[in-house]
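What follows is a short report on a single structure.
The values are calculated or read from the model by the stated rules, or taken from the named source; none is laboratory data. Since we're looking at a predicted model, the values are computed, not measured. Heads up, the Cβs are rebuilt from the backbone with ideal geometry, glycines too, and the neighbour counts pull from every protein chain shown.
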Amino acid sequence: MKTSLLQRGLARFGRMLRPLFAPDAEADRARFEAFAKGQREAVERLQRRGHAQSERLTEVMREVEQLRKQTSGLRARLSRQLQFSERVLKRVSERSVEIGEERVFDRLARIGRSSQAVLVGPWTGEVGFELIYWVPFLRWALGHAGIDPARVTVFSRGGARPWYDGLANEYVDALDFTTADEFRTRTAVSRKQRGLTAFDRDLLRRACAARGGAPALIHPAMMYALFYPYWRREAPLARVLEYVRPRRHEPPAPPAVPLPDDYVAVRFYFSDCFPDTPGNRAFVSAVIGALADRHDVVVLHAGLGLDDHADTAVHGRDRVHVIDAGVSPRDNLALQTAIIARARAFVGTYGGFSYLAPLHGVDTVAFYSDRNFQVSHLHMAQHISAEVGGGTLVPLDVAHAALLQDVLPGSRSPAVAR
């Protein structure tokens, strides 16, 4: 108790002495209180601002959620609209095909009723399409329209006349009216003749000027109008088979080059499905070597460059006979056909020439290293070859070639270079 009284007394005495020792204490205390008040007010303002920002953020999040829902709705509506547009376009496309068919049938009927000379072509496209689509289509078209082959002239290129046996009275070749360089340049952009191209018109003008007259024209575009749905995978093979009459090809006259009595024909070239790589070059050499162990081998080079295929190089070997079919550009396809048609088998790159051999009854193994081709064409080639009693067509990935050694005792399968 005494201590408490003493402490209070000393505190009171200290307050009495404070003005003597700290004359500005009251002013300092007032300033401190004012500062503290300002800080409290600043904190309150920050709290109010933070609360307002939190409310704004909540509002923004609500707006974002609304936008997300709206976007989702727009996406759904856009998807429905695209599906609707796709259906409309498909119907238009189907109608366009129907119109194309009507025009094809109408034109064939008019040509059949007339007595006008008929020119079919000019064909400037791929060998494969010509063999398995264009020629069988022409057999159907001329028969359907009742057009006498005596009225018909075929217009192709590179000596393809043997492929049209029995279809026409005459044959004209594009290389009679153009050079190999011009042909290659003007067909480089596209080899699909869905319409009459400027190059087609130039070839027709030159041919008509040289021969005289203006014949009725059956152009490849007529075939494209009928077959395009199949190539786009919108129609089955049966659609194409309605409009073709395939026939096994007869061998043309023997070639004017010396050949072994018994041989395997070989034609390798670099293409999209068999690109120019060290591995593929080594594979070609190994295949020819394996064949030459058992047979004479006739290796064909085109040497023309009419298309985008480049021939492979072949080094000299015993029993390997290399023939340059490009010595006479005008007859190169006829020469290759005559050699392939008389072979015991054909081996080469998967593509047009692998379709040619089976049509002459020659069994074929066709290699590729990139499976980037349309299987629909392979199915068509195998179907018509079987229908006409032709040779077999076996496509084989070079990566699987070594399997032959395991499944065929005594065979020598080429090593696959990597």
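Here are a few things to note about the model shown:
- Test result for S369, of a type in the set (G, A, S), crowded, with 18+ Cβ neighbours inside 10 Å, under 19 Å from the mean Cα position of the chain (by Cα) and farther than 23 Å from D165 by Cβ: yes
- Set side by side, the residues S93, S79 differ, and just one is in a helix (DSSP H, G or I) and either at pLDDT 80 or above or more than 30 Å from W140 (Cβ to Cβ) (or both), which is S79.
- All of L203, L226 fail the test of being among the aliphatic types (A, V, I, L, M), touching a Gly at 6+ places or on another chain (Cβ under 9 Å) and closer than 20 Å to R103 by Cα, apart from L226.
- Of the residues making up the stretch 214-225, not a single one is in a helix (DSSP H, G or I), hydrophobic (A, V, I, L, M, F, W, C) and either surrounded by fewer than 12 Cβ atoms within 10 Å (Cβ to Cβ) or on the phi > 0 side of the Ramachandran plot (or both).
- Against the test of being over 26 Å from the mean Cα position of the chain (by Cα) and under 24 Å from F105 (Cα atoms), the options V172, V135, V152 yield a single qualifying residue, V152.
Each row is one residue, and each column tells you yes or no for (1) surrounded by fewer than 16 Cβ atoms within 10 Å (Cβ to Cβ); (2) in contact (Cβ under 8 Å) with a residue 60 or more places away in the chain; (3) within 19 Å of S354 (Cα to Cα).
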residue: V257; (1), (2), (3): yes, yes, no
residue: A265; (1), (2), (3): no, yes, yes
residue: D272; (1), (2), (3): yes, yes, yes
residue: T277; (1), (2), (3): yes, yes, no
residue: N280; (1), (2), (3): no, yes, yes
residue: V284; (1), (2), (3): no, no, yes
residue: I288; (1), (2), (3): no, no, yes
residue: V298; (1), (2), (3): no, no, yes
